[in-house]
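Below is one structure, written out as structure tokens, with a few remarks after it.
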Amino acid sequence: MVKLAPQLKPAIFLDRDGVLNKDVGYVYRLEDLVVLGGVVESLTKLKVKGFLLIVVTNQSGVARGKFDLSAVSLFNSQLEKEIARQGGPVIDGFYVCPHHPEGIVEAFKKRCDCRKPSPGLILQAAKEHSIDLKKSWMIGDKDSDVQCAKNAGVRAILAQSEKYPQTIKSVDVALDLKDALKYIV
Ligand SMILES: [Mg+2]
Ligand SMILES: [Zn+2]
């Protein structure tokens, strides 16, 4: 029997802080977990349309010694639980960059290829989930998210937050995740 190559699937790559949950800066405390308005219904719509939901997040707070990897995992699983509790879908994957070149935790102080705008997290997810990058999108609230998408070869939507007014002009702009869906579905 010839083993068939897996069918490639489209995905939505989602920045976490400022797109799914409120960004209070170095988010890791469970009490700071607030799922933003419109997120649950938007994720449900995307899932129904056949997109995988993949979170790609820079967490340099790990390299900076503000919290550790287990705190990131705990926050991510709590975020997933909260989305499910509100009737939303399963998140297909969480991909985290814990590095920073100026970190203080030796193990994570480095110039990596996974910190956005580098495309490492998207490329890793694409490999592990058989994702068709050409049919996929990245939604983020920073220029680095948009640049990461461009570097990985996926389309980008900038969901602008007030916290980080952005400067990249050559990109579709939305108010938030819910508004970003107008470009996709
Ligand atoms: Mg963000
Ligand atoms: Zn990294």
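The values are calculated or read from the model by the stated rules, or taken from the named source; none is laboratory data. Here the structure is a predicted model, which means the values were calculated and not measured. Quick reminder, even Gly has a Cβ in these numbers, built from the backbone with ideal geometry, and neighbours come from all protein chains shown. Heavy atoms of the whole protein, side chains included, go into the accessibility calculation; ligands, DNA and RNA do not. Shrake-Rupley method; radii C 1.70, N 1.55, O 1.52, S 1.80 Å.
Keeping the other protein chains in place, figure out the carbon and sulfur percent of the accessible area of the chain, with a 1.4 Å probe.
Values: 5020 of 9480 Å².
Carbon plus sulfur share of accessible area: 53 percent.
Could I have the simple spin-label model distance between residue 2 and residue 31, label points 7 Å from Cα toward Cβ, reported in nm to one decimal?
Distance between the two pseudo-spin positions: 6.1 nm.
Between the alpha-carbon centers of region 1-43 and region 117-160, tell me the distance in whole angstrom.
Cα centroid of region 1-43 versus Cα centroid of region 117-160: 12 Å apart.
Taking the solvent-accessible surface of protein heavy atoms with a 1.4 Å probe, what is the per residue accessible area of the chain in Å²? Could you put the intermediate results ahead of the total?
On the way: 9480 Å² over 185 residues.
Result: 51 Å² of accessible area for each residue.
State, as an integer percentage, the relative contact order of the chain based on alpha-carbon contacts under 8 Å between residues 6 or more apart. All intermediate terms of the calculation are to be shown ahead of the outcome.
Working: 364 pairs, mean separation 43.5, N = 185.
After rounding, I find 23 percent.
If you take the Cα Rg of region 40-185 and divide it by 2.2 N^0.38 Å, with N the number of residues, what do you get? Write down the numbers at each step before the final one.
Numbers: Rg = 15.3 Å, N = 146, 2.2 N^0.38 = 14.6 Å.
It is 1.05.
Once you list every other residue whose beta carbon is under 14 Å from the beta carbon of residue 169, what net charge do they have if Lys and Arg are +1 and Asp and Glu are -1? Walk me through the intermediate numbers first.
Numbers: positive: 150; negative: 143, 172.
Summing Lys/Arg as +1 and Asp/Glu as -1 gives -1.
For residue 22, which lysines qualify as cross-link partners when the Cα separation must be under 17 Å and same-chain residues fewer than eight apart are set aside?
In chain and number order, the partners are 81, 142, 163, 178.
Please get the size of the charge dipole for region 20-183, origin at its Cα centre, with Cβ charges of +1 on Lys and Arg and -1 on Asp and Glu, quoted in debye to the nearest 20.
Details: 24 positive and 20 negative charges, 75 e Å.
My answer is approximately 360 debye.
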